[in-house]
1. Hey, for a label at B:Ala140 modelled as a point 7 Å past Cα toward Cβ, could you say which residues of the range B:88-111 have their backbone N under 18 Å away?
2. Using alpha carbons only, how many angstrom separate the centre of the range A:52-130 from the centre of the range B:9-39?
3. If you put a point 7 Å past Cα along the Cβ direction, how far is that point for A:Arg149 from the same point in each other copy, in nm, smallest first?
4. Using a Gaussian network model of chain B whose springs link C-alpha atoms within less than 10 Å, name the residue from B:Glu46, B:Glu116, B:Glu85 with the highest mean-square fluctuation.
5. Could you pull out every one of the lysines with an alpha carbon less than 16 Å from that of A:Lys59, ignoring same-chain neighbours closer than 8 positions?
6. Count the net charge of all other residues whose Cβ sits under 10 Å from the Cβ of A:Asp29, scoring Lys and Arg as +1 and Asp and Glu as -1.
7. Using Cα pairs under 8 angstrom and six or more residues apart, how large is the relative contact order of the range A:14-162, in percent?
8. Would you please classify the overall shape of the range A:116-161 from the alpha carbon gyration tensor, given that a ≥ b ≥ c denote the square roots of the eigenvalues, rounded means a/c under 1.5, and beyond that prolate means a/b larger than b/c while oblate covers the rest?
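The values are calculated or read from the model by the stated rules, or taken from the named source; none is laboratory data. Since this is a predicted model, take the numbers as computed values, not measurements. Positions of Cβ are generated from backbone atoms using ideal geometry, with glycine treated the same way; all protein chains shown enter the neighbour counts. For accessibility, only protein heavy atoms count, side chains too; no ligands or nucleic acids. Shrake-Rupley method; radii C 1.70, N 1.55, O 1.52, S 1.80 Å.
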Number of protein chains: 2
Amino acid sequence: MPQTGRSGCPINLTLEQLGDRWSLIVIRDVMFGNRRTYGDLLAQSEEGIASNILADRLKRLTASGLLTRRADPSHRQKGIYSLTEASIQLVPLLAQMGAWGRRHTRPSKELSVRAELLEKGGAPLWNAFMDELRHLHLNARQPTRSVFRELQAAYEKALARR
Amino acid sequence: MPQTGRSGCPINLTLEQLGDRWSLIVIRDVMFGNRRTYGDLLAQSEEGIASNILADRLKRLTASGLLTRRADPSHRQKGIYSLTEASIQLVPLLAQMGAWGRRHTRPSKELSVRAELLEKGGAPLWNAFMDELRHLHLNARQPTRSVFRELQAAYEKALARR
DNA sequence: AGTTTGTGCTTGCAGTATGCAAGCGGTCGC
DNA sequence: GCGACCGCTTGCATACTGCAAGCACAAACT
């Protein structure tokens, strides 16, 4: 959706940038699923995103500074997508969205596990996760703790318990 | 947008319900602007929402349990819209959205004031605000503190300083 | 070197959503 | 009774979504 600047309210301006069905889903998959190529994002999409929508969103998110794309040294066609500081700072928003969704929609148990941990962990956990994302995506220093691994382990444990 | 249940992820399910350009704007206006009728929402919309979109969203949000509508005793045509517990619990999400928007978009100063206060106040302030919204919309007991009034006063002060 | 498979999109088309502005039927105020 | 108000609804053009086939290029295989 084009950014029309219909008002200067920060909520409105955020929605003009991210208030569509798919942008936050793409960011979620890069962030939590560590899917960094077009092919990964398309093939592993839980929601079955269409190829034209994915291509369009990657282009838009890159143009608006929420993703960056660099060439994959091992394959001339592939791009590796990375989060930026701006998209990393969406962690608290996504955490709250997951928390609300756990309570007010009918999520699956396995896919809710990350949301539950993020809600329980609160801002300290979000900050630790953001530090780790800065390492993974922006070449910052590696933190000692891997929130990413904790979230993934909890997800796999929930899968195994099924 | 129809709720298609493309995956059981709580983020996805939330976006299926609220991931459009306008639903959260309508909820924001009911919540922060205390606009409770169709005419108020339409006439006072900062973003200039179209009448058919407003009518559609009010109908949908009512159908999905995020708003309720009751007849206005003083006017047979008017409906009074109220938040539900589910929409009141969107306060943390909207607060995080406002916080992100303050940092990463170009908001106006005046319209950012509420977002700034909510970010500073954190969860204690959000909880106080939610209690007050329960009073205003759900007939719960009136809290001693009016976050609503504090937010409004700060907004008017910023307007006057302009 | 030629062929096959993989890659990242692009395209065609139908259905749905948005946005502008006029219009409609009912209610209220004078 | 008339005019203004009210809450939508409608007509129409444009934009978005979704499905599935297709395209140009790169890599792997023979």
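1. Under 18 Å, as judged by backbone N against the label point of B:Ala140, lie B:88-95 of the range B:88-111.
2. Cα centroid of the range A:52-130 versus Cα centroid of the range B:9-39: 21 Å apart.
3. Nearest first, the other copies' label points are 5.3 nm away.
4. B:Glu46
5. Correct list for A:Lys59: A:Lys78.
6. 0
7. With pairs under 8 Å counted, the relative contact order is 18 percent.
8. Oblate.
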